[in-house]
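See below for the structure under consideration.
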Amino acid sequence: MFSWLARIAMACWRPVSRYARMSKDDSVNNDDDDDDSSFGDSLLWSKDLEKHSYGEFSFAVVQANEIIEDHSQVETGRDATFVGVYDGHGGPDASRFICDHLFKNLTRLARERGAISEEIIRSAFSATEDGFLTLVRRTCGLKPLIAAIGSCCLVGVIWRGTLFVANLGDSRAVIGCLGRSNKIIAEQLTKDHNACLEEVRQELKSLHPEDSHIVVMKHGVWRIKGIIQVSFSSRVACCCPCLEVPMHVVCLQVSRSIGDAYLKRPEFSLDPSFPRFHLPEPIRRPVLTSEPSICSRDLRPSDKFLIFASDGLWEHMTNQEAVEIVHNYPRAGIARRLVKTALKEAARKREMRYDDLKRIDKGSRRFFHDDITVVVIFIDHELLSKSVSVVPEVSIRGFIDTVGPSNFNILHGI
């Protein structure tokens, strides 16, 4: 499937290049690797450097889909920092719902139980899943495809010197630690819940021993239940103007998510009028789970920074490459630099000019890379020992660029 799409894209690339150069961002012609002050991409949003309780953070998002499916947030408080990266699939409804409700659920439960813990975070995930499935139940009559919308969910919380990380799906959290000879070392804190991994396939098979099609190899890619979605809704200026090029291919590979109701409860199964999501037989038990993988650790003097990012970043660079970029370049704009590096690699893989990739508009852009969200959290250990911080308590939503007060102030008495 992907090789077929690639052949179409390459055959049409010259006219697409002409289209790209006519898009709305024609003002930037400077893209020096050593000067990241001018990005020249109208689909990129960033906060170059902001403060949080234990240091500073950098935040960047680039859009590829017609409607952005990555939603994200950073919440800063006097005693805590919260990071959320929500990579939606099938639409933005689930990721947007998580952004609106998960943090609220966490703070409510923390206030009720007087602490932040792995169990509190697990309960916040569960409450968010229940809330979204309730929304699906209420709206599926008018919008049946909401049952096929879901989202990965990556959360990080730093509270009183302890780091908590929870994850559903294949977004990833990586910590940069200083090793011997001041060499920076990448340590992955999350597990990728993706069917491309043998251990995930074995987990699915053990949970569904009666289902020989729980994971299926199609077109060289492992997929949950063999599901593949191809959208022909995006048109590209092509050598054949009447040709509709499939620009958005979604392969269901994640084994854990919030949403995807039709793969969790029989009441949400979709009828044959939606062949992309129709299952040959009703599910006997949930195919996917919303149970997150959670870890916690006390922050160590060697821990220098954290990278939280959707899989759009990690498909174009390794953990070690990412931490070396963060370690070797100035803090200001470092999340934007990681996004830029990923986009350059995406362009190189398609044998196209990076300047042309920057100018391709949303929707058409999805063929070349995914929505990408990156949050880099720097850890300044001298601040960890301070009981009072002057950091403003703010809530920042990625890409939609909203800034408001954060509810983390409720944790002051805990």
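The values are calculated or read from the model by the stated rules, or taken from the named source; none is laboratory data. Keep in mind it's a predicted model, so treat the numbers as computed, not measured. Neighbour counts run over all protein chains shown; Cβ positions are idealised from the backbone, glycine included. Note: accessible area is taken over every heavy atom of the protein model, side chains too, but ligands, DNA and RNA are not part of it. Shrake-Rupley method; radii C 1.70, N 1.55, O 1.52, S 1.80 Å.
Here are some notes:
- Once the gyration tensor of the Cα atoms in region 293-398 is diagonalised, the equivalent ellipsoid follows with semi-axes of 32, 15, 13 Å, ordered largest first.
- Candidate lysines for bridging to K362, where Cα separation is under 20 Å - those fewer than 8 sequence places away on the same chain excluded: K24, K340, K344, K349
- T162/E345 FRET efficiency (R0 25 Å; Cβ-Cβ; nearest 0.05): 0.15
- With a Cα cut-off of under 29 Å and a minimum spacing of 8 residues unless on different chains, the lysine pairs in region 86-213 number 4.
- In plain terms, the chain from Y354 to E210 could stretch by 47.0 nm, reckoned as 0.36 nm per residue minus the Cα-Cα distance.
- Cβ-derived FRET efficiency at R0 35 Å, V221 paired with I400, nearest 0.05: 0.65
- Per residue accessible area of region 147-213, 1.4 Å probe, in Å²: 40
- The label point for N328 and the one for H381, both projected 7 Å from the Cα toward the Cβ, are 2.4 nm apart.
- For peptides 97-105, 292-300, sequence by mean Cβ density within 10 Å, most packed first: 97-105, 292-300
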